[in-house]
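What follows is a set of notes on a single structure, which appears directly below.
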Amino acid sequence: MTEALLQVEELVKYFPIRRGVLQRTVGHVKAVDGISFAVNQGETLGVVGESGCGKSTMGRSVLRLIEPTKGKVTFNGKNVLSLNKPEMRAMRREMQIVFQDPYASLNPRYTIGQTLLEPMKIHNLHSPGERMQKVHSLLERVGLASEYARRFPHEFSGGQRQRVGIARALAVNPKLVILDEPVAALDVSVQSQVLNLLEDLQDEFHLTYVFIAHDLSVVRHISDRVMVLYLGRMAEVADSEELFTNPLHPYTKALLSAIPVPDPDAKRERIILQGDLPSPANPPSGCPFHTRCPVAVDKCRQEVPAWREVKSSHHVACHLV
Amino acid sequence: MSLSELDIKPSQPFAPTPMVAKKQQLKSLREFPMLYLGGFIVLVLIVVAIFAPVLAPHNPDAVFQNGLNANGTPIAPNWEFPLGTDSNGRDILSRVIFGSRVSLTVGVVSTLINLFIGVVVGLVSGYFGKWVDTVLMRAVDTILAFPFLLFAMALVAVLGPSLWNVLFAIGILGWGTMARVVRGQVLSLKEFDYVQAERALGASHGRIMFRIILPNVIGPVIVLATLNVGMNMLTEAGLSFLGIGIQPPQASWGNMIQQGMNTYAFAPWTLWFPGLALVIAVLGFNMMGDGLRDLLDPHNATR
Amino acid sequence: MADVLEVRDLTIEFLIEERYYRAVQGVSFDIGEGETLGLVGESGCGKSVTSLAVMRLLPTHTKVSGQVKFRGQDLLKVGEPQMRQIRGNEISMIFQEPMTSLNPVHRIGTQISESLILHRNVSAAKARAQSIDLLKLVGIPRAEQIVDEYPHQLSGGMRQRVMIAMAMACQPSVLIADEPTTALDVTIQAQILDLMRHLTAENHMSTLLITHDLGVVAEMCDRVAVMYAGQIVEQGPVREIFRHPSHPYTVGLMNCIPKIAGERKRLVPIEGNVPSLQNMGVGCRFAPRCPKAMDVCHEEPEEYSVGTEHTCRCWLHAEAGVTSR
């Protein structure tokens, strides 16, 4: 088996909750609570979960945009969390990110050209003369006219801006791209354009993706493997087809059954979960899902379920599987 | 504006001002009369200050033989002395004209000092957060807790009264509000994904702070700075009025008002004209500041 | 089935830089007693604007023409005081953002009571009791306590339930729901849709459901109207639309969403972008993006009948004849 490009072990991120004049820490929001996974070269790992499950924090912690509390991140054989500043800066060429909100992710004061030149300036790539050519070829590659380099972000639609965001990530020729809800803010017709673009770019540049999303159909479409998170913990990981045809964790089952199917005659056996997501500041004891789980037993309230491989490359954390 | 912006959607937390097209800027005279009137006053003030020697009919410090009535009282406005004379027999118009140099210099230079300290403190405080923020913001609280004028008086008293000391005292003390405003903007801006993207690309803190964040906070800072100029002019006048600012015989509106107080009963013009000059100048900067605020307000820009 | 709401030739123009632009053009639809009509389209297609026009909540400087008949009365012609009697009482609305649609400084109970006191003239004490009943109706646990809490103490899903309780307070005959579940997680969305389905069925409410999610439409609606660039391009019973989509835009929409089951195929996107208000062009508005565009598409198509109660605004179906309406 080839060695994983990205390996994450027991990643933890707690945000302190501070109160009072002295800003004493009175508790922690356990945004990410022990997540481990590996992504192979050229693979797409989908990460799904509802708001507050820690998927975005996880993505940013891997890139050290948020400093993780604990854990180990190995990228291409190097321990990312132990790198010093200059080493980390160099490492950022290899790992890039595309953000959700195309309106917030581009500097409104920079032209599209300036935005795309920025990464090359930071890493001193190409000669200044070649850079503009590179900008034009990047724009064309993501399906935008090269004249757009002179325009400002507010002149573009959401889909076009997202293409610019993707071009910026690609400007440094990364190996890994973390896609943090890249199509969630886009209209469906534009969403499909961007998804196709991402697939083409992956083939062309041999990219490895971590695709974070809340939309299960999108994740199913683009991912080779899928990881389901609940309240900062892993609920289930399996190959995409396996997970969607044969979900094992009760949360995954409920999640899949909750998606509205665009077919008026579809037979639905919907599992409607009761109640809301518990607060990650005060997660339930035992299995974090037991408060909403339709099949929970006493054991679930007391013991944290172990992470087990129940079938070949199908892992789940549930006492009842 | 594209169609999609018409659909009702949550307002963006920080809507950047779009680069306004030329066509739109021209018609803004109608939309922003305050800005134009204020800007006009400020422009006149600057021209007057620069061309003071040309515009002033007399030497401002010259004591005229014919500058006082027989009983030693100031002369009322006439053809030779359009705004009358003061109790020393000097031409008030010329002194008001030269006084604009003091007011403008102190107002603008001290604001530049405010701006520099305030922006750097605000940027660093907001960007790094944590203990850096705590320390710097407590310093700001402390500085804002002191009565500004008293503090400035004490400082000038220690340094000795002179134009440059007044300017320095006001500059070094008046940046608290600026720092707070900048910090507030930075706090919200640094969470924006385009700042995060810059970090993800490996940009240094300095580059992010000064090349990415600073240009985006400049709008509110300019508004505040403009209002600040008027404030600082008032403070200078106050100090000079109390006798610890600009020292006579050099003309400053503040010390002219002080001098006019003594002759106000029988020669009211000695108080009126420097007072009027001060009011108009401060009003000009305030109107310009308010006008700029309206202009930079995204709600106006997209109208 | 008597039509509760009849919208005819609704046209809405916005003033942008001293010119009027048509955001909605010639929109007509009916909603029968107890019926749910889905208004589907992408952002900017005019679906939200249409619903605001029905409620007469559009900003000033907006030209609205056509008819919005509620039980035979044209809402575009009634006076503002009378309109206030209708809003929240006969027609009520649920918005997308449960976070910003509730007033943060008032207690939940006060906000629900408001319309009861306003429209039903009940005492404060009685309104409070009814508010608790309404909270129970929308499935809020601990209703007696929640009634005295503030919006920030509730989760997004709970707030949307409160919004629904407020909308239901005066038992309106028409409910307009503008993307009611878009801001919610899927498991919470399932709860809210389930709740809405029960409430509208039990109270025979007519619903105008605005959404971009074809899945939500398939589950909730009796009939569907697909909007593109300010026009309804296709309208019909939900099964008809999903079984025999006729307009190339509807077909495109259905092909470009990833499926949750079945074979994974490359998506077939609709190329290009939605035209902006200012350069809408002439003829069929979808023609520049349409894979089947023809010469005739430079002229404006009308609504043609393509099946039982199924109409389509596309030249491909011109031979079927103009619908009589």
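Per-residue mean of foreign Cβ neighbours for A:95-104 is 4 (Cβ atoms of other chains, 10 Å radius). For chain B, a crude dipole built from +1 on the beta carbon of Lys and Arg and -1 on the beta carbon of Asp and Glu, taken about the Cα centre, is about 600 debye to the nearest 20. Using a probe radius of 1.4 angstrom, the carbon and sulfur fraction of the accessible surface of the stretch A:120-202 is 44%.
Dimensions of chain B based on its C-alpha atoms, expressed as ranges along the principal axes with the largest first, amount to 79, 47, 29 Å. Note on the stretch A:172-232: Kirkwood radius taken over Cα pairs, Stokes-Einstein applied at 37 °C and 0.692 mPa s, translational D equal to 265 µm² s⁻¹.
To the nearest ten degrees, helix B:269-296 and the longest principal axis of the Cα atoms of chain B are 10 degrees apart. Global dimensions of the stretch C:1-110 from alpha-carbon coordinates: Rg and Dmax equal 15.2, 44 Å. Using +1 at the C-beta of Lys and Arg and -1 at the C-beta of Asp and Glu, which of A:Pro16, A:Pro86, A:Met132 has the Cα lying farthest in the positive direction of the dipole of the stretch A:1-160? Value computed over the given set: A:Pro16. Taking only alpha carbon atoms, the stretch C:1-65 gives an Rg to Rh ratio of 1.01, where Rh is the Kirkwood radius.
For chain C, calculate the relative contact order in percent as a whole number, restricting contacts to Cα pairs under 8 Å that are 6 or more residues apart.
Rounded, it is 20 percent for chain C.
Can you give me the % of accessible surface on the stretch C:34-175 that is carbon or sulfur? Probe 1.4 Å, all protein chains present, nothing else counted. That fraction is 53 percent.
Taking label points 7 Å from Cα along the Cα-to-Cβ direction, B:Tyr264 and B:Leu296 give a separation of 3.7 nm. Since only A:Thr208, B:Ile117, A:Ile122 are under comparison, the one whose Cα sits farthest along the positive direction of the charge dipole of the protein assembly as shown, derived from C-beta charges on Lys, Arg, Asp and Glu, is B:Ile117. So how far, in whole Å, is the C-alpha centre of the stretch A:272-300 from the one of the stretch B:110-150? Between the Cα centres of the stretch A:272-300 and the stretch B:110-150 lies a distance of 47 Å. Measuring nothing but alpha carbons in the stretch A:108-197 and taking Rh as the Kirkwood radius, the Rg to Rh ratio lands at 0.96. Just to be sure I understand: with springs between alpha-carbon atoms less than 10 Å apart, which residue in A:Arg270, A:Arg141, A:Arg161 has the highest mean-square fluctuation in the Gaussian network model of chain A? Taking springs between Cα atoms under 10 Å, the residue moving most is A:Arg270. Rounded to the nearest 20, the size of the Cβ-charge dipole of the stretch B:166-225 about its Cα centre is 100 debye, with Lys and Arg at +1 and Asp and Glu at -1. Take the Cβ atoms of C:Tyr20 and B:Ala76, set R0 to 51 Å, and the FRET efficiency comes out at 0.25.
Summing Lys and Arg as +1 and Asp and Glu as -1 over all other residues whose Cβ lies under 14 Å from the Cβ of A:Glu147 gives a net charge of 0.
Projection of the Cα convex hull of the stretch C:163-318, averaged over all directions and equal to a quarter of that hull's surface, yields 11.2 nm².
Relative intensity of the stretch A:23-103 on a log10 scale, I(q)/I(0) at q = 0.12, 0.22, 0.23 Å⁻¹, equals -0.42, -1.27, -1.35, per a Debye sum over C-alpha point scatterers of equal strength in the absence of solvent. With contacts taken as Cα pairs under 8 Å at a separation of at least 6 residues, the stretch B:155-303 carries a relative contact order of 24 percent.
Interface burial in the stretch B:200-217 reaches 20 Å² or more for B:Ala200, B:Leu201, B:Gly202, B:Ser204, B:His205, B:Arg207, B:Arg211, B:Ile212, B:Pro215, B:Asn216, comparing the full protein assembly with the chain by itself; accessible area from heavy atoms with a 1.4 Å probe. Considering chain A, its Cα convex hull presents a mean projected area of 19.4 nm². When only alpha carbons are used to place a centre, the stretch B:49-103 and the stretch C:144-203 end up 76 Å from one another. Taking only the Cα atoms of the protein assembly as shown, the radius of gyration and Dmax are 33.6, 114 Å. Normalised by residue number, the volume inside the convex hull of the Cα atoms of the stretch A:1-54 is 102 Å³ per residue.
The simple Förster model, with R0 at 56 Å and r as the Cβ-Cβ distance, assigns A:Glu241 and C:Arg142 a FRET efficiency of 0.85. The label-point distance for A:Gln302 and B:Ile172, in a model that sets each label 7 Å from Cα toward Cβ, rounds to 7.0 nm.
Projecting the Cα atoms of A:Val295, A:Cys318, A:Phe152 onto the dipole axis of chain A, where Lys and Arg carry +1 and Asp and Glu carry -1 at the beta carbon, places A:Phe152 farthest toward the positive end. Measure nothing but the geometry: give the 0 to 90° angle between the long axis through the Cα atoms of B:92-128 and the longest principal axis through the Cα atoms of chain B, rounded to 10°. Rounded to the nearest ten degrees, it is 20.
Here chain C is treated with +1 on each Lys and Arg Cβ and -1 on each Asp and Glu Cβ, and its dipole about the Cα centre works out to around 500 debye.
Structure remark: mean-square fluctuation, Gaussian network model of chain B, C-alpha springs under 10 Å; the largest value among B:Ile218, B:Ile41, B:Ile172 belongs to B:Ile218. Summary of the geometry: the stretch C:9-76 and the stretch B:161-229, compared by the centres of their Cα atoms, lie 45 Å apart. When only Cα pairs below 8 angstrom with a gap of at least 6 residues are kept, chain B shows a relative contact order of 27 percent. Proximity of backbone amide H atoms, modeled 1.01 Å from N, is registered between C:Thr36 and C:Thr207, C:Asp222, C:Arg223 at under 5 Å, excluding neighbours fewer than 5 places apart on the same chain.
Share of Cα-Cα pairs in the stretch A:211-321 beyond 25 Å, in percent?
That tail contains 22 percent of the Cα-Cα pairs.
Against chain C, whose longest principal axis comes from its Cα atoms, helix C:124-137 is set at around 50 degrees.
Above 29 Å, the calculated P(r) of chain C contains 40 percent of its Cα-Cα pairs. For the peptide A:105-115, the mean number of other protein chain Cβ atoms found within 10 angstrom of a residue's Cβ is 5. Using a Gaussian network model of chain C whose springs link C-alpha atoms within less than 10 Å, name the residue from C:Asp133, C:Asp295, C:Asp148 with the highest mean-square fluctuation. For chain C, modelled as a Gaussian network with Cα springs under 10 Å, the answer is C:Asp295.
The contact between chain C and chain B removes approximately 1200 Å² from the accessible area (both sides summed; 1.4 Å probe; ligands, DNA and RNA excluded).
The values are calculated or read from the model by the stated rules, or taken from the named source; none is laboratory data. Everything numeric in this text was worked out from a predicted model, so none of it was measured. So basically every Cβ, Gly included, is an ideal-geometry build from the backbone, and we count neighbours across all protein chains shown. Accessible surface is based on the protein model in full, side chains and every heavy atom, while ligands, DNA and RNA are left aside. Shrake-Rupley method; radii C 1.70, N 1.55, O 1.52, S 1.80 Å.
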